[in-house]
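The structure appears below as structure tokens.
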Amino acid sequence: MNEQPTPPVRPRIRVPRETPDQARPDLRARVGGYVALTKPRIVELLLITTVPAMLVAARMEHDGLPALSAVVATVLGGALAAGSANAINCYIDRDLDQLMRRTSRRPLAKQEIPPRNALVFGLIIGAAAVLGMWAVVGPLAAALTFGAIVYYDVVYTIWLKRTTPYNTVWGGACGAAPVLIGWAAVTGHMSWMAWVLFAVVFLWQPPHFYALAMKFKDDYAAAGIPMLPAVAPAKRVAVESVVYGWLTLAVSMVAVPLGATWLYGTVALATGGLFVLECHKLLGRVNRGEDPKPMRLFHWSTSYLTLLFLALAVDSFLI
């Protein structure tokens with residue numbers, strides 16, 4: 001009788017169960033992806049201008065401090081609103097972000113989050129921001145918050161960014177909006193001081209973003225985005241940076257006759273002068289055919305705005 005061959009014994013493969021410790025990094029990664037959609041660093045920079053504006057508004061209009069509930073609601077609402085605008089921006093620009101090194105690691109560009117989920121997330125936190133502001137600090141602040149989200153995502157992202165090299169200039173209105181939102185949250189109306197502070201941030205933005213765009217001009221060119229540094233000579237970009245730098249300094253000093261004290265005036269003159277100097281240094285390096293080193297201007301411009309509005313916050317206790 002022929003013996004039947006013994007079938008080989010297959011080793012049992014044990015599939016390890018996913019432990020909570022192993023699952024946690026995936027959850028953290030997903031949460032981190034949604035946080036990244038909001039662009040936290042940009043949110044921080046926007047909020048730097050909000051609280052000082054509220055302090056000055058309360059001191060000038062009510063001779064006191066803003067209500068804690070108003071500050072909390074405005075800061076939280078502002079963070080959610082900015083995060084909403086940024087998340088929706090990531091949804092709209094997901095195709096362009098894949099073409100640029102600077103943005104290629106964003107969650108939608110890396111396909112870590114479904115686009116529909118990102119859009120829903122942005123809309124939900126935006127609605128929460130607007131409704132929360134309306135309930136706590138009033139309709140004007142809520143309307144300005146809603147307008148800033150729409151302006152950034154519709155006017156800037158969909159239209160200006162894709163059609164004109166002055167997208168950064170006119171798109172700066174939404175970046176300066178937190179000043180008006182903070183003021184409205186305290187007073188329920190606008191004043192000349194509010195508009196001056198708005199103008200400071202508005203005029204500050206072109207040199208700030210031109211410097212970043214000079215660094216990544218090849219990225220913008222590859223994506224077909226007509227940022228000025230990607231479509232114009234470096235000298236023109238540097239000259240415009242100088243012009244906007246001087247305008248920023250001049251407008252910042254207008255706050256003094258409107259009620260700011262010598263402390264703010266001194267800091268505004270000193271830091272604004274250094275801001276202008278850095279713009280001129282950029283122009284000088286371009287004229288000499290050297291490496292323009294635009295990130296030096298970019299980093300100092302961030303420090304300038306922070307120091308200016310910190311001085312404004314301290315100054316509010318002296319008014």
Study note, to complete from the structure: By residue number, the members of segment 129-186 that are hydroxyl-bearing (Ser, Thr, Tyr) and in contact (Cβ under 8 Å) with a residue 40 or more places away in the chain are Thr145, Tyr152, Thr157, Thr163, Thr164, Tyr166, Thr168
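Looking at this structure, is Ala127 closer than 30 Å to Arg28 by Cβ, over 16 Å from the mean Cα position of the chain (by Cα) and of a type in the set (A, V, I, L, M)? Steps first, please.
On the way: closer than 30 Å to Arg28 by Cβ: yes; over 16 Å from the mean Cα position of the chain (by Cα): yes; of a type in the set (A, V, I, L, M): yes.
The answer is yes for Ala127.
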Exercise for review: Within segment 93-127, track down each residue that is loosely packed, with under 15 Cβ neighbours inside 10 Å and of a type in the set (Ser, Thr, Tyr).
Suggested key: Ser104
Point to revise | Residue count for segment 95-115, restricted to those that are free of Cβ contacts under 8 Å to residues at least 24 places away in the same chain and either touching a Pro at 6+ places or on another chain (Cβ under 8 Å) or under 22 Å from Arg28 (Cβ atoms) (or both) | key: 6
**Study point:** Those residues of segment 41-78 which are surrounded by fewer than 21 Cβ atoms within 10 Å (Cβ to Cβ) and of a type in the set (S, T, N, Q), in sequence order
**Key:** Ser69
Check your understanding: Going through segment 258-293 one residue at a time, which ones are modelled with pLDDT of 95 or more and of a type in the set (Phe, Trp, Tyr)?
Key -> Tyr264, Phe275
Review point. Restricting to helices (runs of 4 or more DSSP H) lying wholly in segment 221-318: which have 1 or more residues that are under 30 Å from Met60 (Cβ atoms) and not assigned by TED's automatic domain parsing to the domain that holds Ala53?
Key: 234-254, 262-287, 294-315
Exercise for review: Answer yes or no: is there a residue in segment 279-292 that is within 17 Å of Ala199 (Cα to Cα) and in contact (Cβ under 8 Å) with a residue 24 or more places away in the chain.
Suggested key: no
Review point. Counting only residues that are of a type in the set (Ser, Thr, Tyr) and surrounded by fewer than 18 Cβ atoms within 10 Å (Cβ to Cβ), how many does segment 142-169 have?
Key: 3
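Of the residues Ser316, Ser241, Ser252, Ser301, which single one is in contact with a His (Cβ under 6 Å, 6 or more places away or on another chain) and surrounded by 18 or more Cβ atoms within 10 Å (Cβ to Cβ)?
Working: Ser316 fails: in contact with a His (Cβ under 6 Å, 6 or more places away or on another chain); Ser241 fails: in contact with a His (Cβ under 6 Å, 6 or more places away or on another chain); Ser252 fails: in contact with a His (Cβ under 6 Å, 6 or more places away or on another chain).
One residue alone meets the criteria, Ser301.
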Point to revise | Odd one out for Gly175 among (1) more than 16 Å from Ser303 (Cα to Cα); (2) modelled with pLDDT of 95 or more | key: (2)
Exercise for review: Could you tell me whether any residue of segment 130-141 is surrounded by 18 or more Cβ atoms within 10 Å (Cβ to Cβ), within 20 Å of Lys39 (Cα to Cα), more than 15 Å from the chain's Cα centre (by Cα) and modelled with pLDDT of 95 or more?
Suggested key: yes
Review point. Would you say Val136 is of a type in the set (Val, Ile, Thr) and in contact with a Phe, Trp or Tyr (Cβ under 6 Å, 6 or more places away or on another chain)?
Key: no
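The values are calculated or read from the model by the stated rules, or taken from the named source; none is laboratory data. All values derive from a computational prediction rather than experimental measurement. Positions of Cβ are backbone-derived with ideal geometry, glycine not excepted, and every protein chain shown enters the neighbour counts.
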